[in-house]
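No value in this document is a laboratory result; all are computed from the given coordinates. Keep in mind that what you see is a predicted model, and the values were worked out from it rather than measured. Backbone-built Cβ (ideal geometry, glycine too); neighbour counts: all protein chains shown.
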Amino acid sequence: MIKNMTSQRVQYTVDIRVEGPGGFDTTVHLRTDVVGVYPGGTWPEELTAVDHAKPVPQHPKVTITRVERRPMFKE
């Protein structure tokens, strides 16, 4: 879940790496470009990580590798 702690409506881009035993390794991407996240608001999201060459691990290691925040409107 993303929570906007700023006083502006913001668009977020987030990259999340998922790794696990047996070589499972993939990165998923989240973007809130449509309406952005309003000040004080949250953006719930559920992503599915798939590595077509490896089985999905039962207990993956999840790392946020990038967070980019862009105000939607210039003040």
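Find how many whole Å separate the alpha carbon centroid of the stretch 1-33 from the alpha carbon centroid of the stretch 41-74. Between the Cα centres of the stretch 41-74 and the stretch 1-33 lies a distance of 4 Å. Multiplying the residue separation of Ser7 and Val50 by 0.36 nm and subtracting their alpha-carbon distance yields 11.9 nm. In sequence order, the stretch 49-62 has phi-based couplings of 9, 10, 10, 4, 9, 9, x, 5, x, 6, 10, x, 8, 10 Hz under the Karplus curve 6.51 cos²θ - 1.76 cosθ + 1.60, θ = phi - 60°, and Gly or Pro positions carry x.
What relative contact order, as a whole-number percentage, does the chain give when Cα pairs under 8 Å and 6 or more residues apart are counted? Once divided by the residue count of the chain, the mean separation gives 45 percent. Shape of the chain from its Cα gyration tensor (a ≥ b ≥ c, root eigenvalues): rounded if a/c is under 1.5, otherwise prolate when a/b > b/c, or oblate? Prolate shape, in that a/c is at least 1.5 and a/b is the bigger ratio. Once the chain from Arg31 to Met72 is taken as fully extended at 0.36 nm per residue, the excess over their C-alpha distance is 13.5 nm. If the label point is 7 Å along Cα→Cβ of Thr65, which residues in the stretch 20-42 have backbone nitrogen under 11 Å from it? Counting backbone N atoms under 11 Å from the label point, the list is 25-29.
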